[in-house]
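Novice: Below you'll find the structure I mean.
A short reminder: the numbers here are calculations on the coordinates, not readings from a lab. Predicted model only: the values in this text are computed from it and were never measured. Please note: Cβ atoms are built from the backbone with ideal geometry, for glycine as well, and neighbour counts cover all protein chains shown.
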Amino acid sequence: MAKNTNTYDESSIKILEGLEAVRKRPGMYIGSTDKRGMHHLVWEIVDNAIDEIINGYGDYIKILLHKDGSITIADNGRGVPIGMHESGKSTPEVVYTVLHAGGKFENTGYKVSGGLHGVGASVVNALSTWMDVVIYKDGKISEIKFKNGGEVDVPLKQIGESKKTGTIVTFLPNKEIFKNCNFSFTTICERMQESAFLLSNVTIEVIDEEDNLNAKYHYENGIISFVEYMNENKTALHKVIHFDNTKNEIEVDIAMQYTDSYNEQILSFVNNVKTSDGGTHEVGFKTGLTKAFNDYAKNNGILKGKDGLDGGDVREGLSAIIAVKIPEHLLQFEGQTKGKLGTPEARNAVESVTYDGLKFFLEENKEVALNILEKAQKSKMAREAARKAREQVRKGTSKNNKEKIVGGKLVKATGKNYSENELFLVEGDSAGGSAKTCRNRETQAILPLRGKVLNCEKASQNDIDANQELKQIEYAIGAGLGPNFDYTESNYGKVIIMTDADVDGSHIQILLITFFYRFMRPLIEQGMLYIATPPLYSIETSKGKEYIATDEELAERKKGKSNLKVGRFKGLGEMDAHELYETTMDPKNRTLHRVNLTDAALAEKRIHVLMGDEVAPRKEWINENVDFTLEDDFR
Ligand code: 0RA
């Protein structure tokens, strides 16, 4: 050992410097230091366990959320090697302290290294107050402990004997880096369930020791089970269609099923990681799908009229999973969060597998084919009828009751540049009144909402037609509803939900988002739906009254001031019109949260949880304040 002392010290300094660099710029490694970033730590460790399973070792992963804020990820793989590394350190010490050490071990097949992660377990260690690794391997139980972001606390040593194999990693995220963050049982469950679908025949268990919650996922039929799960609250038109094939080194696995709903839900994955923003594989799928149906219809003399079916027509009511495996040398991701596949080869591979798979299926299942085509044709006709109706309204040739329904409640914007205009949906008449007087008349329209909004989770179009409140929203936006909705016809570039910052306000937000999700989804997909964020506090300063948006900001302002006068805003109605405009509506000062639906399938599940009959999951959801709204924060 003596001969290694010097190099050991030198390399140790280098290693600690490396870990220090991670702490200085955590965002570079894990994207952000908010809740999302903190969960990246979990995905990082879980992905190592999943890699082990993909390579054929182990079938079980267990995640424990502890009361002290630490988390354990255990697997029954082969266990991290426990021998000495050439540097003179134990292999586990190298794996958990040297940046990018993980790669050295990975020599087979595909890696779970989608976009941001795949940065290595040492990054997790660097961002943790302590980390503890227990390894079952070679008849022994071994343990190594780290503290202060990667310093060895207790070097690797044997602590027992066992015939089992596996790795157990526990860590406590550094609270100075991840301020006010907790692990979310719901978020972790959602992702683990997805992994269990994609892996098949793996058991993944998640346990929250604080709230006594647990979940266990095990699916035998992979993405077929996934599609069945997506459609469990809907009426399916046929059994799940499944096909897979490999083209130009790219493995393509697709499951799809039509339901009687109008919604389209396509989720895609690359090497077991979700691609929230789609990419070339989704484009290929859509092209192959449209071609297959149009060719089948033509060849069987089904299509009436001269032009074929649009992509949108053949995707109405479709739920699908596209899972591709791409070797590392072809992997390419795009976009800020690396959630979009860029690999050009994936487009042709998926298109051709989809076309061939569907062509074969349709020929073998005539009845199903006719059923789906009938639905697609109805969609096409409905779209054409809606377009004509809108044109008539424009030309004034139709006697519509638009004005009457909206009545005196909608206060329109005077400007005619629709994409610049904003519609505020405001909770309560009094806040609505303030908003009316202070708004920018040219670009801002106000529609006050009275009372509770209808829960649209299970509502039909007829239910909407019978609902005064939602009808008003539909007419104000003026772009149709359901399958006839066309966002390019919207009277507003932004639709902004403005409620009190309390539980009732959140409830109204969720109800409205459910409505938009089910009946005007493209509005969300196009990033046109927003939540306004009224301030939470006001303070008296020498300059007069100032507004404070968040608890963190308040804490910051309170520093060193014992006699600061703080007022808490209970609702929009407490502000006068001027205050409301300045803090919440003025594009120069306000903060809007864009409602994002990259998580379409999960969002609908969440809505189901929130609005369904079961109270417990709803409570948990609200407590955790899972945010499918709070993604893009900009001024
Ligand atoms: C490299 C080689 C071997 C196992 C692993 C890495 C491994 C890493 C992790 C991380 C979390 N769980 C893990 N399980 C296994 C196998 C060495 C051998 O036994 O041949």
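Novice: Along the stretch 191-200, what does the Karplus equation 6.51 cos²θ - 1.76 cosθ + 1.60 (θ = phi - 60°) give for ³J(HN,Hα), rounded to whole Hz, x for Gly and Pro?
Specialist: 5, 5, 4, 4, 4, 5, 5, 6, 8, 6
Novice: Among 50, 548, which comes first, then next, by fewest other beta-carbon atoms within 10 Å? Don't skip to the end; give the middle numbers.
Specialist: On the way: 50 25, 548 22.
With the sparsest Cβ surroundings first, the list reads 548, 50.
Novice: Further, regarding this structure: May I ask for the net charge around residue 580, where only other residues with Cβ less than 11 Å from the Cβ of residue 580 are counted and Lys, Arg are +1 while Asp, Glu are -1? The partial results should precede the final answer.
Specialist: Working: positive: 436, 439, 590; negative: 574, 576, 579, 582, 586.
Neighbourhood net charge equals -2.
Novice: Helix 429-438: angle to the longest alpha-carbon principal axis of the chain, degrees 0 to 90, nearest 10?
Specialist: With rounding to tens, the tilt is 80 degrees.
Novice: Averaging the inverse of every distinct alpha carbon separation and then flipping it gives the Kirkwood radius. What is it for the stretch 243-313, in angstrom units?
Specialist: Value: 14.2 Å, from the Cα pair sum.
Novice: Need the C-alpha centroid separation for the stretch 195-272 versus the stretch 7-77, integer Å.
Specialist: One Cα centre to the other: 26 Å.
Novice: Quick check on the exposure proxy: order 261, 319, 162 from fewest to most C-beta atoms within 10 angstrom. The partial results should precede the final answer.
Specialist: Numbers: 261 19, 319 27, 162 12.
Exposure proxy ranking, most exposed first: 162, 261, 319.
Novice: Given H placed 1.01 Å from N in the peptide plane, which residues other than close sequence neighbours of residue 279 have an amide H under 5 Å from its amide H?
Specialist: Those qualifying (amide H under 5 Å, at least 5 residues apart or on another chain) are 341.
Novice: Which values of log₁₀ I(q)/I(0), to two decimal places, follow from the Debye formula for the stretch 203-250 at q = 0.18, 0.21, 0.25 Å⁻¹ with a uniform point scatterer at every Cα?
Specialist: For the requested q values the scattering log ratios are -0.78, -0.87, -0.96.
Novice: Return the long-range amide H neighbours of residue 202 (sequence gap of 5 or more, or a different chain), with a cut-off of under 5 Å between placed amide H atoms.
Specialist: Residues meeting the criterion, in which the H sits 1.01 Å from N, are 219.
Novice: To continue, here is another question. So what are the three principal axis dimensions of the stretch 427-521 from its Cα atoms, in whole Å, longest to shortest?
Specialist: 36, 31, 19
Novice: A further question follows. Taking only DSSP H segments of four or more residues, each worth -39500 (n - 2.57), what value at 222 nm results for the chain once the sum is divided by all its residues, to the nearest 500 deg cm²/dmol?
Specialist: Details: 21 runs with 244 residues, N = 635.
About -12000 deg cm²/dmol.
Novice: If Lys and Arg each add +1 and Asp and Glu each add -1, what is the summed charge of the other residues whose beta carbon sits under 9 Å from the beta carbon of residue 330?
Specialist: -3
Novice: Moving to a separate point now. Run through the DSSP bridge list for the chain and note the antiparallel percent, rounded to the nearest 5. Working shown, then result.
Specialist: Numbers: 74 of 101 bridges.
Bridges in the chain are about 75 percent antiparallel.
Novice: Which whole number of Å³ per residue matches the convex hull of the alpha-carbon atoms in the chain?
Specialist: Working: hull volume 112.8 nm³, N = 635.
Hull volume over Cα atoms, normalised by residue count, gives 178 Å³.
Novice: How much length, in nm to one decimal, is gained on full extension between residue 16 and residue 412, taken as 0.36 nm per residue of separation minus their Cα-Cα distance?
Specialist: Values: separation 396, 0.36 × 396 = 142.56 nm, distance 6.09 nm.
Computed gain between residue 16 and residue 412 is 136.5 nm.
Novice: Moving to a separate point now. Kindly put 130, 43 in sequence by how many other C-beta atoms sit within 10 Å of each C-beta, fewest to most. Intermediate values should be presented prior to the final figure.
Specialist: Numbers: 130 17, 43 22.
Neighbour counts put them in this order, fewest first: 130, 43.
Novice: If packing is taken as the average count of other Cβ atoms within 10 Å, what order do 551-564, 144-157 fall into, highest mean first? Please list the in-between numbers first.
Specialist: Numbers: 551-564: 10.9, 144-157: 17.4.
Highest to lowest by the protection proxy: 144-157, 551-564.
Novice: Placing +1 on the Cβ of each Lys and Arg and -1 on the Cβ of each Asp and Glu in the stretch 228-384, which of 341, 236, 248 has its Cα farthest towards the positive end of the resulting dipole?
Specialist: So the residue we want is 236.
Novice: Next up: Considering the dipole of the chain built from charges on the beta carbon (Lys and Arg +1, Asp and Glu -1) around the Cα centre, which of 524, 227, 171 is farthest to its positive end?
Specialist: Farthest towards the positive pole: 524.
Novice: While we're here: Under 5 Å between amide H atoms, partner at least 5 residues away or on a different chain: which partners does residue 497 have, H built in plane at 1.01 Å?
Specialist: Here the answer is 425, 530, 531, 532, since their amide H atoms fall under 5 Å of that of residue 497.
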